[in-house]
Amino acid sequence: MDIRKPFVAIIGAGQVGATTAQRILEKNLSDVVLFDIVPGMPQGKALDLMEAASVEGHDKRILGTNDYKDIADAEIVVVTAGLARKPGMTREDLLSLNAKIVTEVCSNIKKYAPNAKVILVTNPLDLMTHLARKVTGFPEKRVFGMAGVLDAARMRFFIAERLSCLPREVEAVVLGGHGDLMVPVSSHSKAKGKPVKGLLSAEELSQIEQRTRNGGAEIVALLKTGSAFYAPASSICEMAKAILKDEKKVLPVCAHLQGEYGVRDIYFGAPVRLGRDGVEKIMEISLTEEERKGLRLSAEKVKQGIAEVDRLGIYENTRVSS
Ligand code: TXD
């Protein structure tokens, strides 16, 4: 299968990876290379997706592979490889296991796709994005994470549901780390162009903010095994589109902040202009004092996590496939 440039490589052909591949193909955005370490699995999913092409009416191709050589020259590499927490596993256990996987994956990205933009998806998101930057050594504007588009999409849906309007008629911004301390920015949320602060009571807004923070956990509790993947895949696709089509669109992205919002030297959710070069500019928006305070708390938590990742000291001796 000849893959045509510019293409997107997806590492990890699980729920999020495979659904992202499907979205990219069916929106006719680009060809896809789908990589996983499980023999036959990415090949099987790629074949299944190709067999849908005539019915879906797209003209894109997908290659399933267990060989990192196939990601060479990718325009974008999406990293969804990793494990989800299992019963009895601590957050630290998950952190160290996923850190090892992300380190191995990123060493191979560095070797085989040194010019790619890298979108991290694996959790814990802010920390894995920090690790990916360390391991690849790529410029900051080419290494970033997906979380804010998803968190904002969830908030848009919750607002739309409450106001009986369409989710696409709602604008929302969610900043900060991708965890319990994320900051839904209600002061910038609008429905049909009107600030939601004037349309919903403070209590209703606070319930929506809390449901947004808990959005991932709500789905995990319903699914029993695994976590959300449809909305995450849509969110990754939105970011890939902004890059492939050089849209220069402003989206909330986990980007490397250097003083913006009073936050320095960590990967953190902020609105950025996304285009062909990756993160082209970090945008600053005005915030209320409460929102600023929330961001400071969230930044502290991310910093503690980064110290934990750095203590693991696993950047060295990583396996790079030959
Ligand atoms: O907002 C966000 N950033 C997120 C993050 C939204 C949804 C999911 N989020 C996280 O993405 C989730 O917590 C996980 O850490 C990842 C992937 O979630 P997914 O639901 O897709 O997990 P799966 O279905 O278990 O798929 C993981 C795949 C699986 O096919 C493994 O075989 C593969 O990862 N895997 C690897 N691929 C390549 N290389 C290595 N070493 C490897 N190890 C596992």
Burial-style ranking of 51-62, 67-78, 223-234, average other-beta-carbon count within 10 Å with highest first, yields 67-78, 223-234, 51-62
Mean 1/r over distinct Cα pairs of the chain, inverted to a Kirkwood Rh in Å, yields 19.9 Å
Residue span Lys301 to Ala84: 0.36 nm per residue of separation minus Cα-Cα distance leaves a gain in nm of 76.1 nm
Site Lys192, offset 7 angstrom along Cα→Cβ, radius 14 Å on amide nitrogen, limited to the range 152-180, gives 160-171
Too long for a 32 Å Cα-Cα cut-off, among Lys111/Lys224; Lys27/Lys224; Lys45/Lys281; Lys45/Lys301, are Lys111/Lys224; Lys45/Lys281; Lys45/Lys301
For Leu97 and Arg276, extending 7 Å from Cα along the Cα-Cβ vector and measuring point to point gives, in nm, a value of 4.2 nm
In debye to the nearest 20, the charge dipole size for the range 209-321, taken about the Cα centre with +1 at each Lys and Arg Cβ and -1 at each Asp and Glu Cβ, equals 240 debye
Between the residues Met41, Ile71, Leu274, the Cα farthest towards the positive end of the dipole of the chain, that dipole coming from +1 and -1 charges on the beta-carbon of Lys, Arg, Asp and Glu, is from Leu274
Given unit charges at Cβ for Lys, Arg (+) and Asp, Glu (-), the dipole magnitude of the chain about its Cα centre in debye, nearest 20, is 300 debye
Once the dipole of the range 1-92 is set up from charges on Cβ (+1 Lys and Arg, -1 Asp and Glu), the residue from the list His58, Gly12, Val32 lying farthest towards its positive end is Gly12
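Longer than 21 Å from Cα to Cα, which of Lys134/Lys245; Lys141/Lys249; Lys197/Lys293; Lys86/Lys241 are they? Say none if no pair is.
From Lys134/Lys245; Lys141/Lys249; Lys197/Lys293; Lys86/Lys241, over 21 Å: Lys134/Lys245; Lys86/Lys241.
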By the mean-Cβ-within-10 Å protection proxy, highest first, 235-241, 208-214, 253-259 rank as 235-241, 253-259, 208-214
Under the 7 Å Cα-to-Cβ spin-label approximation, Arg264 and His58 lie apart by a distance in nanometres of 4.4 nm
Toy charge model, Lys and Arg Cβ at +1, Asp and Glu Cβ at -1: the range 84-156 dipole around Cα centroid in debye, rounded to 20, equals 200 debye
Where a ≥ b ≥ c are root eigenvalues of the Cα gyration tensor, a/c under 1.5 meaning rounded, otherwise prolate if a/b exceeds b/c and oblate otherwise, the range 194-322 counts as rounded
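Hey, can you find the accessible area per residue of the range 1-104 for me, probe 1.4 Å, expressed in square angstrom?
With all protein chains present, the range 1-104 gives 46 Å² per residue.
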Expected max-MSF residue from Thr103, Thr129, Thr90 in the GNM of the chain (alpha carbon, under 10 Å) is Thr90
Rounded to the nearest Å, the spacing of the alpha-carbon centers of the range 18-32 and the range 132-173 is 19 Å
Amide H contacts under 5 Å for Val253, restricted to residues at least 5 apart in sequence or on another chain and with H modeled in the peptide plane, are Ala270, Val272
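The values are calculated or read from the model by the stated rules, or taken from the named source; none is laboratory data. All figures in this text were calculated on a predicted structure; none of them were measured in a lab. No Cβ is skipped: glycine too gets one built from the backbone with ideal geometry, and neighbour counts run over all protein chains shown. Heads up: the accessible areas ignore ligands, DNA and RNA and are worked out on the full protein's heavy atoms, side chains in. Shrake-Rupley method; radii C 1.70, N 1.55, O 1.52, S 1.80 Å.
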